[in-house]
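The values are calculated or read from the model by the stated rules, or taken from the named source; none is laboratory data. Since the model is a prediction, treat every value here as computed from it, not as a measurement. As a convention, Cβ positions derive from the backbone with ideal geometry for all residues, glycine included, and neighbour counts pool all protein chains shown.
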Amino acid sequence: MFGINGLLMDSSAPNEGDFDEKDLQLLEHVEDDFDKSLEELADELDLSKSAIHYRLKKHRERGVIKSVNATLDPLAFGLNMMVITNVSVTHERGYAEEIGERLSAVKGVEQVYYTMGDVDFVVISRVQNRTQMNDLIDEIISIDGVNETSSQFVMNELKTDRKVISNMSEQMRAGIGSRTD
């Protein structure tokens, strides 16, 4: 499956299930605001600063914490048109990775997902105007192997929260480590 950066992702997480409740609380705090100091986190979670530091380091090394970066508001840059494009392609050996990489390289594309069902890929893009949208769709259509596209235009973004821990139900949290795919 292709993730947010268009990289082919394995469906299992590194060392999946190796989290205790303090880990989940810590990850939820840093997912919400990574600028919190070790002191603040230690006070909020009733752990020592060294325990917080050790846990954060462990989660970085395991790949649980992928990166630390600023969340920018796309609307501040005039990127107020979000387009969801379903892409159907010719099925040839290696098509998923090759076409997925090419879709991911299109400027304006934020997310690419390789899917099963009626369409092969779902592409999420942002542009400033209709001309840019037409250019983006033309670039997608020009990729060898792309047969058909169908786009929807987002009228209102109701939820764009990409947080993991705080978006999990209690049942999901309880199921960490006991998955039975």
Which condition from (1) in the same structural domain as residue 87 (by TED's automatic domain parsing); (2) crowded, with 17+ Cβ neighbours inside 10 Å; (3) under 30 Å from residue 25 (Cα atoms) is the one that residue 125 breaks? (3)
What residue, of 70, 42, is free of Cβ contacts under 8 Å to residues at least 24 places away in the same chain, small (Gly, Ala, Ser) and surrounded by 14 or more Cβ atoms within 10 Å (Cβ to Cβ)? 42
Filter result for residue 124 (assigned to a helix (DSSP H, G or I), in contact (Cβ under 8 Å) with a residue 12 or more places away in the chain and of a type outside the set (Gly, Ala, Ser)): no
Among the residues of the range 103-112, what is the count of those that are in contact with a strand residue (DSSP E or B) (Cβ under 8 Å, 6 or more places away or on another chain) and either farther than 17 Å from residue 153 by Cα or free of Cβ contacts under 8 Å to residues at least 60 places away in the same chain (or both)? 4
For the range 14-25 the number of residues that are part of a loop (DSSP other than H, G, I, E, B), acidic (Asp, Glu) and either surrounded by 14 or more Cβ atoms within 10 Å (Cβ to Cβ) or touching a residue at least 40 places away in the same chain (Cβ under 8 Å) (or both) is 2
Test: residue 112 is in contact with a Gly (Cβ under 9 Å, 6 or more places away or on another chain) and surrounded by 18 or more Cβ atoms within 10 Å (Cβ to Cβ): yes
Given the range 26-117, what helices (runs of 4 or more DSSP H) lie entirely inside it while holding 2 or more residues that are out of contact with any Leu (no Cβ under 6 Å at 6 or more places or on another chain) and not assigned by TED's automatic domain parsing to the domain that holds residue 144? 38-45, 49-61
Flagged in the range 70-102 as in contact with a Lys or Arg (Cβ under 9 Å, 6 or more places away or on another chain) and polar (S, T, N, Q), in numbering order, are 71, 80
